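Just below is one structure, and these are the notes that go with it.
The values are calculated or read from the model by the stated rules, or taken from the named source; none is laboratory data. Quick caveat: nothing in here was measured; it's all calculated off a predicted structure. Reconstructed Cβ throughout: ideal geometry from the backbone, glycine too, with neighbour counts over all protein chains shown. Remember, those area values only see protein heavy atoms, side chains included, never the ligands or the DNA or RNA. Shrake-Rupley method; radii C 1.70, N 1.55, O 1.52, S 1.80 Å.
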Amino acid sequence: MQLIKEYVNHKKEELKQGFLSLGSKVKLVIIQVKDNPASNAYIKGKLKDCTEVGADAELMKFADGIEEKELLELIDKLNNDDSVTGIIVQLPLPYNIDERKVSLAISPSKDVDGFHPMSFYTPATPTGILTYLEDNNFEFKGRNALIIGRSEIVGKPMAKMLLNKDMNVTVVHSKTKAEDLSRYIENSDLIIVSTGKAHFIDNRFNFKKDAVVVDVGISRNAENKLEGDCVPGLNVAFQTPVPGGVGLLTRVALLINLYKGGCNKNGI
């Protein structure tokens, strides 16, 4: 597998040429409510990505006091703004705002995060993972995939995408018995871990020697250092790092979706 940082840099160069060929500017609007260090860092990365590939990006940042009605009115205005290609609402939102209602308010044609059930785009994190595996010639057909976590954003769409690639897909979750989890892991060629629990997967499990592990989780420990759902150095053929792994793939997938939006807008 190609190192993710190298892969992402190469992908950005390809996208840069693609955005240039569109002939008109593509614009992403990011809406952020409340100040959150993790969100700030992620948004900073998204803005940097857009600059690097030649897309416009605007951050609209609001304090906690914004009302849900005001936010929905803003989204409606952006939906009807022809200069805006894509809209992202950075999560989490304050407790007084319904995240699902906000996600559903974004036009499916501008929902580059892929959260809307009728979105023109597939969810960014699963898309980034799948594209990376495809570009690295991972063999899907007939092999066993295990997805640990059943979220609407990662687990469920990832399962559908891998089924479409002719993999045998198993989804486990917090209610799965430990002995069953061990058995599933032992027989898996591809393991996607998205539990939100730091170091949930370690070398107490027996892995296939040629297994590939994709670590989606990211959290901060007591020393304020980033760590994933898996301990580093699992006994597998390849493991995505944390940090510098799936987060970068998600960001490049957002650019891919934004580019597709630009193509649709230009009738390409």
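Restricting Val193, Val171 to residues that are surrounded by 13 or more Cβ atoms within 10 Å (Cβ to Cβ) and in contact with a helix residue (DSSP H, G or I) (Cβ under 8 Å, 6 or more places away or on another chain) narrows the list to Val171. Could you check, for region 108-115, whether at least one of its residues is open to solvent by 40 Å² or more (accessible area, probe 1.4 Å), in contact with a Lys or Arg (Cβ under 8 Å, 6 or more places away or on another chain) and closer than 25 Å to Tyr42 by Cα? So far as region 108-115 goes, no, none of its residues is open to solvent by 40 Å² or more (accessible area, probe 1.4 Å), in contact with a Lys or Arg (Cβ under 8 Å, 6 or more places away or on another chain) and closer than 25 Å to Tyr42 by Cα.
Matching residues to (1) at positive phi; (2) over 16 Å from the mean Cα position of the chain (by Cα); (3) assigned to a strand (DSSP E or B); (4) surrounded by 14 or more Cβ atoms within 10 Å (Cβ to Cβ):
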{"position": "Met161", "(1), (2), (3), (4)": "no, no, no, yes"}
{"position": "Asp166", "(1), (2), (3), (4)": "yes, yes, no, no"}
{"position": "His199", "(1), (2), (3), (4)": "yes, yes, no, yes"}
{"position": "Gly233", "(1), (2), (3), (4)": "yes, yes, no, no"}
{"position": "Asn257", "(1), (2), (3), (4)": "no, no, no, yes"}
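Checked across region 115-123, the condition of being closer than 30 Å to Ile31 by Cα and among the aliphatic types (A, V, I, L, M) holds for at least one residue.
Taken together, Lys77, Lys61, Lys48 contain a single residue that is closer than 28 Å to Glu14 by Cα and open to solvent by 10 Å² or more (accessible area, probe 1.4 Å), which is Lys48. Once region 131-148 is narrowed to residues that are in contact with a Ser or Thr (Cβ under 9 Å, 6 or more places away or on another chain) and open to solvent by 10 Å² or more (accessible area, probe 1.4 Å), the residue that is farthest from Glu186 (Cα to Cα) is Arg143.
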